[in-house]
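First up is the structure itself, then whatever we jot down about it.
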Amino acid sequence: MSDEEEPLVKIRTRFEDLCRALNMDEEASTEAWKSYENISRNFTLEGSELHWLACALYVACRSSVPTVGKGTAEGNYVSLTRVLRCSHISLIEFFSKMKKWQDMAKLPQDFCQSTDKLERNFTVSAVIFKKYVPIFRSIFKTPSEEPLRVHRSRKQRRHPCSVSELFNFCWVLYVHAKGNFPMISDDLVNSYHLLLCALDLVLTNALLCSARRDLLNPNFKGLPEDFSSRDYRPPAGPLCFMEQLCELHDGLVLEAKGVKEHFWKPFIKKLFHKRILRGKEDSLSGFLDPMNFGDSFLSLSRLYEEQVLASGGLDERIFTGEGASEDIGTPEPSLCEEVENQDSSLYRLHTSLAASVLKVSTPLTGRKYVQEVHLASPLSTAMKSVGRLHTLLSGTKYGPSSKLTQILRGCSRDPSDVISQRLKDMLDIFTQHHEDSSDDSKGMEKDMAVKFFHLSEALYYRILESIVEREKMILGDADLSCILEQDVFHRSLLACCLEIVTFSYRPPGDFPRVIHTFQLPAYHFYKVIEVLVRSEQGLFREVVKHLNQVEEQVLESLAWTSNSPLWHSLQSAQVPTCQEVMPPQYLEQNEDSGGAGVALTPASQGPDLSTITGVSPSPTTLQDRYGSPPTGGFRRRLFVDPTEGETSATRTPPSSVTKPSLIATIPAGQTVVATATVTANNGQTLTIPVQGIPNENGGFTFIPVQVGGATLQPLPAQNLTSTLAVQSAVTKPVTKAASSPLRKGSLSLFFRKVFHLASVRLRDLCAKLDIPTDLRRKIWTCFEHSLVHSTEMMKDRHLDQLLMCAVYVMAKVTKEDRSFQNIMKCYRTQPQASSNVYRSVLISGSTRSSSTTDTNQSSSSDSRKDPGGDISPGLTRSSSTLVTPQPSGDSSSSAVDGGEEERGDLIHFYNDVYIKQMRQFAVRYSRSSLSTGVDPPPLCPYPTLRTGSPRRMLLSSKHSIYISPHKSGSAPCPALPRDRICYYISSSPPNRLQEINSMIRTGETPSRKRSIPLDKETSPKRVCPDNHTALLRRLQDIANDRSSSH
């Protein structure tokens, strides 16, 4: 036996012992061993071999197996809990390694989703069990307060249940009920209300059973007032303590009562009807009677075991077991522990680990505004989110308000009927999507889906009204019919509202499932997110964070899929550079621009939007987001003959331009002095001189020539009529205008957001890798070049993949090496990081386009030339990373002929695809290129860190109370109307708060007499100029929004 085979034999022996302990069938054990052998040959499996074997066994156990007379069944009824205990692996460690196993084994998506749901169910149960222990201790006595049990003879086997037995019984009853409702098993809010229903039932039975009132804690505040008296008799009617439990333990009464009526009561009645719970079926009581409790507990436990084995789920009785801390992997609360002992550092560690799946991490783009709250309870956060949602929708109806109805009827084409029919169609699609399950709970799942949709519909109409009002404020009396008839806008808005409702109940949401349900392209869906957030001031902070994450997911990957409408938009427009779409004040001003000719203008001196109340700062209108044509189409087609078969409708409108032969010979960067005849609306014509500058898009940019000391405005291409006579070609270089206008339209807005997101992530990555500023700018230039000139590399890939490759290649050519291992290690610390980003990268496949740009082809043809030295990472083997051989020089980075897609790790992608596209550009920054006198490409300007403030927040839906940030260098506030009061923390007098409180209590605004001192109040801040009238301020705000806001 060789040295290599000996360890494998030992592992095989341990594996066979494990299978015997689990009584595993031969088919599952054979399949598990083959999978382990295959993966261990290609990957480095760190840690205990038994832990990886447990993952292989779990996958094999969940495969479909034949049954007698019933076709196939999911799984072979081997308990996951037994697999983990025999393998000596905790639950938390199992889920961590299972994710890696799924990546390495390339398991089907359905299996991965079932594992994710299993982890979410466990996390929800862990969070709720942490809440269950103190609630139970407040209602019932502790085991130490329980009297000693009297020894009974053998004939008297029935004895009253103890507090510990009641604790276990109530938990099993709850987890069995939760497992029967898969639609709410991972719903944190409704699962918690289900727990309150279980406690309510047990509390009611303890009161109704006169022999078991000794279990109750007499200090419990929810007990009847006369409970302590000897003559206490329970009332004749049904008892219900849901309101008291919700009030004492942060529940939502309406939600809890809804769960009790629609889920809990029918489920408990079935248990009584099937004699699982013994007692009185009509009153749902009697199971705590000493003659019934033992049989009820035994039957319930047996039924729950069958449910767990059939579903392959986790036996959640693990939380009440003696070895709970070892089985789960973190300290768990105990009924016998004192409360103060449960507040240790280890217990707080459990809070952060158990809630990791439910936690909403603040994205890097929002961490300047929102600090991380690591120990915040996911349950309290979810309750606040749902509570805020209900407060937001209080008083609303499932339809448009009278005000919105009037606005819609005022349009030239009333869209009300179309909107109503669209919502009905979307409701049908949504409910059908939740009817796929064939179990007994299908009807309940549909009811839950209808409930979520109706909440979303009410939110949709509320936000639509705010959006329309905001558009009318910006556009004036313009007709909004063209926007309100945009089908994709309305469907995206409803889908976004549905995601808000889903997230509130089930953090961290279910995106991108909602856009798949309604078949919404992610590129169109993201456009509505910022509009929604700016229009609705009452959203909970966690909801805004989640929507920020959703937008980032679209920008980083979902919008770049091969079937995305983005690629259709790019057919008629070139990818803009960062400087073309980013406002100048958001770009770093560096003296060492490298001759880039970066045009940087000072920031606008208008009033700061963050300090002005009453105006919603929006960068673009809905017209810009949904109604703008692709950028650059007309300009590029100005001197291009129409292709065969092209109709006149697709040609440049009424411009008849003859193409001189001289234009084809003009190099880029030179000017053409010409005359153009412009026809006005009244038929008059005017011949004026213009300068035409050939640009990189193949068209011309027209610069007006000064006539008589007056400067004419730039001519759009559509206004050119008659002929364009070329007078002379002057070969003089032209410097870019210092204030060149930004590119407008939805495509430019998309790339502005992409560049901002990429710059924030790259800045964080470079800081963790200790990369200097000059190298960071070179990395940014390389990344921007890849995005602009090799855009195809982003198809079906991730933004972070190009960022990490740019970091590596530029560090390599500048001799400041950073290994891929260190780059990926620092990347994993970012909140959006996922192992799939660097473990499963598209190398080639049928989904990729076979056509590439000329730049890409030239780069690929010269990929073997390496004047800057070797910039390949070479062979790298890291933990759980596939080892890939060095690519040969003949390998192609384009499409595979009709074959399946090939995926590999990030290093494989770098060697086979990325470096072939970027080598020629990257080596121009190497020292050897500089020594030969080759000038490197100019550095692109880097976006700055945003210094803006968080948005204004509405604190109450019943009162117009807002809180907004206040910059140290801005004015206290503009002249406010008499019915408004402004209070500045640490600067305004205390009587301001008294006036605010008085206004809230009485509903009356302060009188003119009382408001006189407010105008005379001095502030340490800079005084706002008095000559800004309300109209001028409003106009200035809109101008600043359009030019500089992101």
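The values are calculated or read from the model by the stated rules, or taken from the named source; none is laboratory data. Everything numeric in this text was worked out from a predicted model, so none of it was measured. Here the Cβ is made from the backbone with ideal geometry for all residues, glycine too, and neighbour counts use every protein chain on show. Please note that ligands, DNA and RNA were not included when accessible areas were found on the heavy atoms of the full protein model with its side chains. Shrake-Rupley method; radii C 1.70, N 1.55, O 1.52, S 1.80 Å.
Give the long-range amide H neighbours of Arg278: residues separated by 5 or more places, or on another chain, with amide H under 5 Å away, using H modelled in the peptide plane at 1.01 Å from N.
The answer is Ser296.
Sort Lys280, Lys812, Lys178 from largest to smallest accessible area, using a 1.4 Å probe on the heavy atoms of the protein chains.
So, going from the largest accessible area down, we get Lys280, Lys812, Lys178.
So how do Arg41, Arg1001 rank on accessible area, 1.4 Å probe, biggest first, that is with the largest at the start?
Correct descending sequence by accessible area is Arg1001, Arg41.
Using θ = phi - 60° and the Karplus form 6.51 cos²θ - 1.76 cosθ + 1.60, what ³J(HN,Hα) does each residue of the stretch 161-173 get, whole Hz, x for Gly and Pro?
Karplus values, whole Hz, x for Gly and Pro: 6, 8, 5, 5, 5, 5, 4, 5, 4, 5, 5, 5, 4.
Return the sequence-ordered ³J(HN,Hα) values of the stretch 298-303 in whole Hz as given by the Karplus equation 6.51 cos²θ - 1.76 cosθ + 1.60 applied to θ = phi - 60°, using x for Gly and Pro.
Those phi angles translate into 5, 5, 5, 5, 5, 5 Hz.
Which of the trypsin sites (Lys or Arg not before Pro) across the stretch 180-275 are loop residues per DSSP, with 15 or fewer other Cβ within 10 Å?
Passing both the DSSP loop test and the Cβ count: Lys221, Arg230, Lys274, Arg275.
Mind jotting down the three principal axis lengths of the stretch 4-107 based on Cα atoms? Whole angstrom, largest first.
Cα extents, longest axis first: 46, 26, 25 Å.
Considering amide H positions built from the backbone, and no H for Pro or chain starts, which residues 5 or more places from Ile843, or on another chain, come under 5 Å of its amide H?
Placed amide hydrogens put Glu902, Arg903, Gly904 under 5 Å from Ile843.
Within a Cβ distance under 15 Å of Phe525, other residues only, what is the Lys/Arg minus Asp/Glu net charge?
Computed value for this residue: -2.
Using mean Cβ contacts within 10 Å as the protection proxy, how do 817-825, 909-917, 487-495 order, highest first?
With the highest mean Cβ count within 10 Å placed first, the list reads 909-917, 487-495, 817-825.
For Leu587, which sequence-distant residues (separation of 5 or more, or a different chain) have an amide H within less than 5 Å of its own amide H, given hydrogens modelled in the peptide plane?
For Leu587, whose amide H was placed from the backbone, the distant partners under 5 Å are Thr944.
Give me the percent of the accessible area of the stretch 4-107 that comes from carbon and sulfur atoms, probe 1.4 Å, all protein chains in place.
Ligands and nucleic acids excluded, carbon and sulfur give 48 percent.
Any idea of Arg278's accessible area? Nearest 10 Å², probe 1.4 Å.
60 Å²
Can you flag which of Lys257/Lys397; Lys141/Lys280; Lys744/Lys795; Lys34/Lys825; Lys10/Lys97; Lys265/Lys451 are past 28 Å Cα-Cα?
Violating the 28 Å Cα-Cα cut-off are Lys34/Lys825.
With all protein chains present, calculate the accessible area of Tyr984 using a 1.4 Å probe and round the result to the nearest 10 Å².
Surface accessible to solvent at Tyr984 totals approximately 40 Å².
Top to bottom by accessible area (1.4 Å), largest first, where do Ser834, Ser986 land?
So, going from the largest accessible area down, we get Ser986, Ser834.
Just the number please: accessible area per residue for the stretch 378-559, 1.4 Å probe, all protein chains included, in Å².
38 Å²
In square angstrom, rounded to the nearest 10, how much accessible surface does Lys446 have for a 1.4 Å probe?
80 Å²
Let me check I've understood the local charge: for Asp187, count other residues with C-beta under 10 angstrom from its C-beta, Lys and Arg +1, Asp and Glu -1. What total comes out?
Here the charged neighbours net out to +2.
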